[in-house]
């Protein structure tokens with residue numbers, strides 16, 4: 001298989017190294033956050049935020065910002081800002097009580113996609129050199145990641161993981177019992193908004209590799225698989241991290257060998273891991289039927 | 001866990017003076033809402049257990065939130081250990097056992113981890129849990145009789161066990177006041193009996209002041225020194241002995257119409273309940289097959305002696 005030779009060719013890794021490093025950083029950030037996203041049932045809001053990134057990319061494109069040099073920083077800022085605005089709008093609409101959160105997300109999601117499509121269309125029409133291709137925004141492009149973006153992704157990873165660690169106790173209390181947490185001194189509004197900010201940062205970083213459409217897969221699949229395998233909090237985080245990292249690296253290998261797009265390759269591998277974890281649960285419960293009927 | 005410093009002074013633990021609270025317009029889906037609670041005045045003496053009984057929609061949850069300092073803008077004055085409720089909450093004076101477990105039961109945490117959440121309050125992010133707090137957690141779990149199940153995942157507990165964990169979590173915050181919101185919801189009769197015993201024991205051992213807010217008379221009758229009846233306004237405030245069905249019928253007659261649906265009352269339970277001669281000492285209600293609530297007592301009040309209204 002010619003692709004297999006490509007996988008071990010030094011030149012492949014020289015070209016792909018920035019993309020691979022970004023993918024690893026993305027895997028670490030998203031896997032850790034996925035535990036909170038899944039347990040707090042926020043995967044749909046993640047979907048809303050990641051699609052808002054498409055609108056953000058449209059705005060960046062119309063402003064003429066590209067991922068080259070200092071433009072990468074500005075582009076990142078614009079997209080994160082747009083995602084944050086979308087997240088806060090979703091929070092605000094659903095907090096008012098008259099519209100449910102999923103309706104708010106549904107509306108913001110399509111509005112962002114429309115805005116992004118129109119702005120990208122206008123920017124491509126008005127330019128001689130095409131901006132980022134639609135396909136790479138939607139499904140990711142591991143080859144086009146440059147070293148400036150790697151540096152940015154590293155800084156973002158430090159901030160995201162640092163904040164998640166610093167606020168781990170109130171975040172866990174809030175995620176476990178939002179009703180009672182305020183009585184124990186947990187600021188639930190702060191925790192919700194903090195998680196939204198962390199999600200925005202992680203999603204915009206993940207978007208480079210896995211694309212807008214598939215970024216949320218990394219915020220759901222690692223924890224969903226890990227929760228099927230263990231019932232302890234910190235082991236869930238560690239297993240999710242292992243699954244996320246393995247999935248991303250295996251996905252990149254699949255992408256190189258078969259010359260498939262990176263985002264879908266990574267997500268396919270993660271889906272396979274999820275299916276395996278569910279199969280393991282079924283197998284375990286079939287072997288120990290007594291465990292299911294054990295009195296509480 | 002050393003008992004918290006007991007308030008020996010005559011100052012009440014909780015003091016409400018003419019408190020009225022109205023939710024902001026639109027906040028409760030009502031264009032011009034009437035107050036959720038109106039002109040509430042009562043005291044909870046340090047070390048006593050006060051039960052607040054009332055129908056659903058009678059303002060109990062509002063009272064809980066006001067006592068916790070989670071609602072602001074109430075008219076009148078509320079003091080919790082001489083401080084504003086928000087201040088008292090920030091100082092960790094109030095241990096809260098929530099109404100229905102709003103917790104995510106699929107959460108991969110053990111009993112001990114849940115109790116630890118409360119004990120880690122104010123702990124710097126870089127610090128591990130100190131030994132004294134760890135001991136506090138152990139003692140809280142032991143007090144509620146959950147030591148053997150301390151490592152069990154929270155999702156694998158019964159309703160009664162879960163409630164005990166929630167009490168342990170409140171105790172792990174070293175409170176002076178324990179505030180319980182509808183503590184017997186979803187718990188069977190035997191479980192409620194155990195709950196009453198547990199609460200009495202914990203209160204005695206730690207010298208706590210306790211406030212129980214419930215619509216279920218059984219949650220309150222066996223546990224409390226005094227009872228207040230809340231249905232937007234506070235109607236009654238006395239020892240449980242005085243809480244006869246006649247009183248209940250009188251104070252809730254107007255307010256509960258339309259709030260409760262049809263209540264099927266066990267004939268024997270109703271008859272026992274409506275006969276004042278059966279009410280000796282702290283009010284105890286028959287643990288019959290029907291959940292005997294305020295509504296049941298009200299419907300079988302003195303107007304229908306012998307529970308002529310009773311069905312089933």
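The values are calculated or read from the model by the stated rules, or taken from the named source; none is laboratory data. What you see is a predicted model; the values in this text were computed from it and never measured. Don't worry about glycine lacking a Cβ; one is built from the backbone with ideal geometry, like all the others, and counts go over all protein chains shown.
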Exercise. Looking only at residues in region B:80-111 that are more than 11 Å from chain A (Cβ to nearest Cβ) and touching a helix residue (DSSP H, G or I) at 6+ places or on another chain (Cβ under 8 Å), which one is modelled with the highest pLDDT?
Worked result: B:111
Exercise. Which one is nearest to residue B:152 (Cα to Cα) among residues in region B:112-121 that are over 22 Å from the mean Cα position of the chain (by Cα) and more than 7 Å from every other protein chain (Cβ to nearest Cβ)?
Worked result: B:112
For this session: Restricting attention to helices (runs of 4 or more DSSP H) lying wholly within region A:107-188, give those where 3 or more residues are within 14 Å of chain B (Cβ to nearest Cβ).
Result: A:147-166, A:168-176
For this session: Test residue A:39 against the stated conditions and say whether it is surrounded by fewer than 21 Cβ atoms within 10 Å (Cβ to Cβ) and within 14 Å of chain B (Cβ to nearest Cβ).
Result: yes
For this session: List the number of the failed condition for residue B:203; all other conditions in (1) touching a strand residue (DSSP E or B) at 6+ places or on another chain (Cβ under 9 Å); (2) modelled with pLDDT under 85 hold.
Result: (2)
For this session: Take residue A:186 and decide whether it is within 16 Å of the chain's Cα centre (by Cα) and either modelled with pLDDT of 90 or more or surrounded by 15 or more Cβ atoms within 10 Å (Cβ to Cβ) (or both).
Result: no
Exercise. In region B:50-59, is there at least one residue being at the interface with another protein chain (Cβ under 8 Å from one of its Cβ atoms), touching a residue at least 12 places away in the same chain (Cβ under 8 Å) and not in a loop (DSSP other than H, G, I, E, B)?
Worked result: no
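For every residue, the table says whether it meets (1) surrounded by 18 or more Cβ atoms within 10 Å (Cβ to Cβ); (2) at pLDDT below 95; (3) part of a helix (DSSP H, G or I).
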| position | (1), (2), (3) |
| --- | --- |
| A:238 | no, no, yes |
| A:246 | no, no, yes |
| A:267 | yes, yes, yes |
| A:286 | no, yes, yes |
| A:290 | no, yes, yes |
Problem set entry | Elements of type helices (runs of 4 or more DSSP H) contained in region B:118-224, each with 1 or more residues being farther than 22 Å from residue B:63 by Cα | B:131-143, B:159-171, B:189-206
